[in-house]
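Please read the structure below before turning to the comments.
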Amino acid sequence: MIDGAASSNLIDYRDGAWFEQAAYICPHPLTGAQVAPTIANKARFDSLPDDLKSILENGSLVHGIDQANKSTTWVSEAVNEMASKGMKWGPTLSPEDQQKWAAAGDAVLEEYAANDPFSARLIEIQRQFVKRMRA
């Protein structure tokens with residue numbers, strides 16, 4: 001019934017056994033990032049001394065970088081496990097199709113952002129984090 005799957009973390013494909021149903025897995029993520037946002041009461045956060053605010057903000061950044069690095073290893077392990085059980089990669093997208101794919105991902109994020117101010121803020125935080133990671 002399912003011929004392929006696209007746009008999730010590869011670990012999720014393994015853990016959900018999607019590779020057992022989908023003949024091919026698309027090698028291009030739709031969103032390009034995962035987030036682990038820290039949600040806090042803004043008034044309470046603003047009442048903290050600057051040194052504690054900095055510790056929380058930097059701790060979150062370090063955690064994100066650490067998780068991104070670990071994810072590289074975990075995804076590699078998941079891909080190897082799925083490949084050993086028969087998973088095949090779908091075709092590689094052309095540069096033009098990769099641009100369309102990225103635009104589709106951005107459009108989905110924009111839909112979420114337009115419908116909910118909280119989601120809009122989380123999406124903006126995700127984009128800022130990805131930009132800092134790529135700098």
- Task: State the Kirkwood hydrodynamic radius of region 53-135 in Å, one decimal place, computed from all pairs of distinct Cα atoms.
- Result: 15.8 Å
- Task: Estimate the FRET efficiency between Asp66 and Asp46 by the formula 1/(1 + (r/R0)^6), using the beta-carbon distance for r and 30 Å for R0, to the nearest 0.05.
- Result: 0.65
- Message: Could you give the length gained by full extension between Ala120 and Asp106, i.e. 0.36 nm per residue of separation minus their alpha carbon distance, to one decimal place?
- Response: 3.8 nm
- Message: Given a Förster distance of 25 Å, report the FRET efficiency between Asp15 and Met133 from their Cβ-Cβ distance, rounded to the nearest 0.05.
- Response: 0.55
- Query: Could you give the accessible area per residue of region 81-120, probe 1.4 Å, as a whole number in Å²?
  - Reply: 73 Å²
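The values are calculated or read from the model by the stated rules, or taken from the named source; none is laboratory data. Just so it is clear, the model here is predicted, and its values are computed rather than measured. In this analysis, Cβ positions are derived from the backbone assuming ideal geometry, glycine residues included, and neighbour counts consider all displayed protein chains. Protein only, heavy atoms only, side chains kept; ligands, DNA and RNA dropped before computing areas. Shrake-Rupley method; radii C 1.70, N 1.55, O 1.52, S 1.80 Å.
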